[in-house]
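Student: Okay, here's the structure, questions in a sec.
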Amino acid sequence: MMSPAVLLLLGWMLIPLGMTLYFSLLRYNLLSPGEESFTGLQNYKWFLTDPSFMESIYNTLFLVGGVLIITVIGGTLLALLLDQPIFGQGIVRVLVIAPFFVMPTVSALIWKNMFMNPVSGLFAQLFNFLGLQPFDFFGQAPLASIMAIVSWQWLPFATLILLTSLQSLDGEQQEAAEMDGAGALRRFFYLTAPHLARAVTVVILIQTIFLLSIFAEIQVTTNGGPGIASTNLTYLVYVQSLLQYDVGGGSAGGVIAIILANIVAIFLMWMIGKNLDA
Amino acid sequence: MGTITLKQVTKRFDEVEVIQPIDLTVEDGEFVVFVGPSGCGKSTLLRLIAGLEDVSSGQILIDGRDATDIPPARRGLAMVFQSYALYPHMSVHKNIGFPLKMAKMPSAEANAKIEAAAHILNLTDYLKRRPGQLSGGQRQRVAIGRAIVREPEAFLFDEPLSNLDAALRVNMRLEISELHQKLKTTMVYVTHDQVEAMTMADKIVVLSAGNIEQVGSPLDLYRRPRNLFVAGFIGSPKMNFMSGRHAERYNAHTIGIRPETFRVTTDQGADRTSWKGTVGVTEHLGSDTFLRVDVDDETLTARVSGELSVHHGDTVYLSVNDEHVYRFDEQGLALP
Amino acid sequence: MARAISPRRKVLLSALAWTIGFLIFFPILWTFLTSFKTEEEAITSPPSFLFFDWTMSAYEAVQRRSDYFKHFMNSVVISFGSTLLGLAIAIPAAWAMAFVPGKQTKNILMWMLSTKMLPPVGVLIPIYLLFRDTGLLDTRTGLVIVLTLINLPIIVWMLYTYFREIPGEILEASRMDGASLMNEVVYVLTPMALPGIASTMLLNVILAWNEAFWTLNLTAAKAAPLTQFIASFSSPEGLFYAKLSAASTMAIAPIIILGWFSQKQLVRGMTFGAVK
């Protein structure tokens, strides 16, 4: 009964992965098919020493790190706010959650054109109104702009997870602490924060897994440019493989991306594993 | 009819033998209670009889037939679970009727049986409701109704009253006993509450750590406990045990005296053998009062009439007739 | 807390929360409003908020330009198709793991989850080449297959957690009541599992609808779902804000509505149970 699922996933893992590994050891370009030759680790060497590789790594780190910081801090603050008694909490929740359900291509294009466009975007109009020069978001800070868009998309996720965690806080424990004389700030540091820490860790790990693979937002806004200013590792491999048709090099890049993701995954699996026992 | 026999039945989970080899016979129409502390194996034993667990060795005979390898559905038994285990998505009517549906009974016949069972259990007004809309006691009765319609060889009850509040528990106890009178079907009932055991059973099986300590009628177990365990388990409050020189006086390793057999007086009177002690905590129930009396190195519990005026710190004298002193040897077995 | 909160504090906090909520939601609201403007209206300065001539011209233009309906159907087929296929494979697996757990069950479950963490770019080339050579490129079938595989771990996982919540005693009771395995599954297990299955379905449809890596790379014209369709606005001609808004509104509206109902499922499915 388990076998179809297990076999399918096994196949999904082994076959394409195996092929990627295999290709990474070949000199294989789609423009000259039939001329593949074995080159060992050449592709890796070439890929790793290419300046665009390091640039893409920095960009990836910037993207992932930036989004994490914004969403975790913003998410925590928002979750704390939403956990307070306020009027119409349900509706506010719904407003805050909505961006997560917008497809990436839509959110990227809406932000780029209707908000960040230096001539007709809303921000430009706002800047003009305030007497400032409009800022060319995508021209001058393409990577940061993408980071802002992705943060908008993932803030709801972090907020929702952290809010869920907050709402599972043991009310009786808080009351006991209050009886013991702990004020609001101390209760936060000794009770709330440790409880939240676990949820924050989960949010960081899960978001990282997904953020490493940011793709659509880059493709529809900058195509990785100008130059490679907004290219992350995923996009670099994509360009290599499907635009430059370099299957060998692209595969090597793919393997490297997998290794990086695995490192994060190991931590996540450890956390989940601890939870399965609970 | 509904006889159940266990022959050398054991049960092992991994390496642990939770049920030691057990021989037991439940006669047709008997109300048998398995009682014992948590973890003694009483629920496991019930589940072995039901067929929800397989025996590790031994035989289970139902009505003389070897049922050891027969699946639960075909053993002709019905079980009432501690959590009632009602089907939440079905109405009371469908819950009770489910076993009949599984037996492919035609609906006219089934409806008649369902209504009859509902009538006995006062559920007729609730037939269309779902379990979520019922109180604990009502859900209890639906679970019993579901068992009744199957007209089984025997009913199995797994601590059915544990989830009810105290008052309801007393009521349901009576209802189940009355049900037994009416249906005259064999019932095997598991509980950790010795009051339930004493008041409901024809025969009690006292279990401890997978072993049968004693089998007998309630009064049998009360008057003639075979060992220390049974003596201390049956009877509330617990029997007082003393060893050392108190026991030596009676030629035993340990002696036991039930709180209700003490005579309590405020002066020594003629009896030179009484124990002198100071009253500690007193529990007034109105009809009775229970005293905790500190005597030398022991603390004894005594029951006195609620009328007697005794207070914390008073000096009292406890005496008892010889025939009310239980004597036990080093192994804890009762001496005649 | 049942204690009195100062009304002033509640009002202040509410105002803050509503302001932030509104700001976060604003881009979506703005898109919706702009979709009813003319192209010229869409770029007026200062921007008009509610008081303008509402018109459906943008919607008509979008439909005329590139058969929005076809792309919508592609999205529907791909998300529902991969969800149903995923459920068909996952239900037996989750059943086995929840009710007949073996020593390896936990490990298998963890391994399944780990496959979700594979960066898609790592298998982009082989899948692309395989699909090209088997004629699956730019087909709905191909996408259904890929999306089923990438979401299978989440589906199995969610079903597993829902199945485990069904009290074992109820299944035992059905066995005592004479139910065969088949009867047990049909009359007791499935009805009790239905809410969990529905929740899983809901979340998965949302995830598949919004999936943008494989849908962008493996489709061109025929099987392109809405993600791809919207992407075509990245190199536009002329004024296009209203049209972009109209296309976007149509693309995201169904999912936002579904999303509002699926918050709990989102937490359960996306954190793999690590947050309760």
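The values are calculated or read from the model by the stated rules, or taken from the named source; none is laboratory data. None of the values given here were measured: they were computed from a predicted structure. Note: ideal-geometry Cβ built from the backbone for every residue, glycine included; neighbour counts use all protein chains shown.
Student: Specify the residue that is modelled with the lowest pLDDT; the eligible residues are those in the stretch A:122-150 that are within 11 Å of chain C (Cβ to nearest Cβ) and out of contact with any Pro (no Cβ under 8 Å at 6 or more places or on another chain).
Tutor: A:L126
Student: Starting from residues that are small (G, A, S) and under 22 Å from B:P71 (Cα atoms), keep the ones in the stretch C:140-185 and report whichever is nearest to the chain's Cα centre (by Cα).
Tutor: It comes out as C:G168.
Student: Okay, next question. Where in the stretch B:279-335 are there strands (runs of 3 or more DSSP E), lying fully within it, with 2 or more residues that are touching an Asp or Glu at 6+ places or on another chain (Cβ under 9 Å)?
Tutor: By residue number, B:288-295, B:298-305, B:315-319.
Student: Just checking, which of A:V264, A:V220, A:V247, A:V237 is farther than 22 Å from C:E211 by Cβ, crowded, with 17+ Cβ neighbours inside 10 Å and facing chain C (nearest Cβ under 9 Å)?
Tutor: Within the list A:V264, A:V220, A:V247, A:V237, the selection yields A:V247.
Student: For the stretch B:66-154, give me every one of the helices (runs of 4 or more DSSP H) that falls completely inside it and has 2 or more residues that are under 26 Å from the mean Cα position of the chain (by Cα) and surrounded by fewer than 20 Cβ atoms within 10 Å (Cβ to Cβ).
Tutor: Counting at least 2 such residues, we get B:136-148.
Student: I'd like the full set of residues that are surrounded by fewer than 23 Cβ atoms within 10 Å (Cβ to Cβ) and either assigned to a loop (DSSP other than H, G, I, E, B) or hydroxyl-bearing (S, T, Y) (or both), limited to the stretch A:66-110.
Tutor: Those that are surrounded by fewer than 23 Cβ atoms within 10 Å (Cβ to Cβ) and either assigned to a loop (DSSP other than H, G, I, E, B) or hydroxyl-bearing (S, T, Y) (or both): A:T76, A:Q84, A:P85, A:I86, A:F87, A:G88.
Student: Considering only the stretch C:38-72, how many residues are closer than 15 Å to A:Q125 by Cβ, surrounded by 18 or more Cβ atoms within 10 Å (Cβ to Cβ) and not β-branched (V, I, T)?
Tutor: Count: 3.
For every residue, the table says whether it meets (1) of a type in the set (K, R); (2) under 26 Å from C:V77 (Cβ atoms); (3) at pLDDT below 90.
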position: C:M158; (1), (2), (3): no, yes, yes
position: C:F163; (1), (2), (3): no, no, yes
position: C:R175; (1), (2), (3): yes, no, yes
position: C:L189; (1), (2), (3): no, no, yes
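Student: Separate question: When you look at C:A58, is it at negative phi and in contact (Cβ under 8 Å) with a residue 60 or more places away in the chain, yes or no?
Tutor: Yes.
Student: Would you call B:E109 in the same structural domain as B:D28 (by TED's automatic domain parsing), of a type outside the set (G, A, S) and under 22 Å from B:M79 (Cβ atoms)?
Tutor: Considered against the rule, which asks whether it is in the same structural domain as B:D28 (by TED's automatic domain parsing), of a type outside the set (G, A, S) and under 22 Å from B:M79 (Cβ atoms), B:E109 comes out as no.
Student: Then there's this: Looking at A:L31, A:L82, A:L14, can you tell me which residue is touching a residue at least 12 places away in the same chain (Cβ under 8 Å) and under 27 Å from A:A216 (Cα atoms)?
Tutor: Result: A:L31 is the single residue among A:L31, A:L82, A:L14 that is touching a residue at least 12 places away in the same chain (Cβ under 8 Å) and under 27 Å from A:A216 (Cα atoms).
Student: Let me ask something additional. Just to be sure before I move on: is C:A98 touching a Lys or Arg at 6+ places or on another chain (Cβ under 6 Å) and more than 13 Å from chain A (Cβ to nearest Cβ) in the structure I sent?
Tutor: no
Student: Same structure, new question: Given the options C:I24, C:I28, name the one that is outside the structural domain of C:Y162 (by TED's automatic domain parsing), without any contact (Cβ under 8 Å) to a residue 40 or more places away in the chain, of a type in the set (V, I, T) and more than 30 Å from A:L25 (Cβ to Cβ).
Tutor: Unique residue meeting the criteria: C:I24.
Student: Another one. Could you go through the stretch C:232-252 and let me know if any residue there is surrounded by 23 or more Cβ atoms within 10 Å (Cβ to Cβ), out of contact with any helix residue (DSSP H, G or I) (no Cβ under 6 Å at 6 or more places or on another chain), of a type in the set (S, T, N, Q) and without any contact (Cβ under 8 Å) to a residue 60 or more places away in the chain.
Tutor: no
Student: Could you grab me the full set of residues in the stretch A:191-217 that are within 9 Å of chain C (Cβ to nearest Cβ), of a type outside the set (A, V, I, L, M, F, W, C) and part of a helix (DSSP H, G or I)?
Tutor: A:R198, A:T201, A:E217, listed by residue number.
Student: Right, another one. Looking only at helices (runs of 4 or more DSSP H) that fall completely inside the stretch C:173-276, which ones have 1 or more residues that are in the same structural domain as C:V76 (by TED's automatic domain parsing) and farther than 30 Å from A:A265 by Cβ?
Tutor: The helices (runs of 4 or more DSSP H) meeting that bar are C:190-210, C:226-231.
Student: So which residues in the stretch C:184-215 are at the interface with another protein chain (Cβ under 8 Å from one of its Cβ atoms) and in contact (Cβ under 8 Å) with a residue 12 or more places away in the chain, if there are any at all?
Tutor: Passing the criteria: C:Y187, C:V188, C:M192, C:I206, C:W209, C:N210, C:A212, C:F213.
Student: When the stretch A:36-63 is examined, which residues are found to be in contact (Cβ under 8 Å) with a residue 40 or more places away in the chain, of a type in the set (F, W, Y) and under 12 Å from A:G248 (Cα atoms)?
Tutor: Within the stretch A:36-63, A:Y44, A:W46, A:F47 meet the criteria.
Student: Right, here's the next one. For the stretch B:14-39, what are the residues that are part of a strand (DSSP E or B) and either exposed (fewer than 14 other Cβ atoms within 10 Å of the Cβ) or basic (K, R) (or both)? Spell out the reasoning first.
Tutor: Our first condition is that a residue be part of a strand (DSSP E or B); within the stretch B:14-39, this holds for B:16-26, B:31-35.
The answer is B:V16, B:D23.
Student: Does the stretch C:131-183 hold any residues that are more than 10 Å from every other protein chain (Cβ to nearest Cβ), over 20 Å from C:L84 (Cα atoms) and among the charged types (D, E, K, R), and which are they?
Tutor: Correct list: C:D133, C:D138, C:R164, C:E165.
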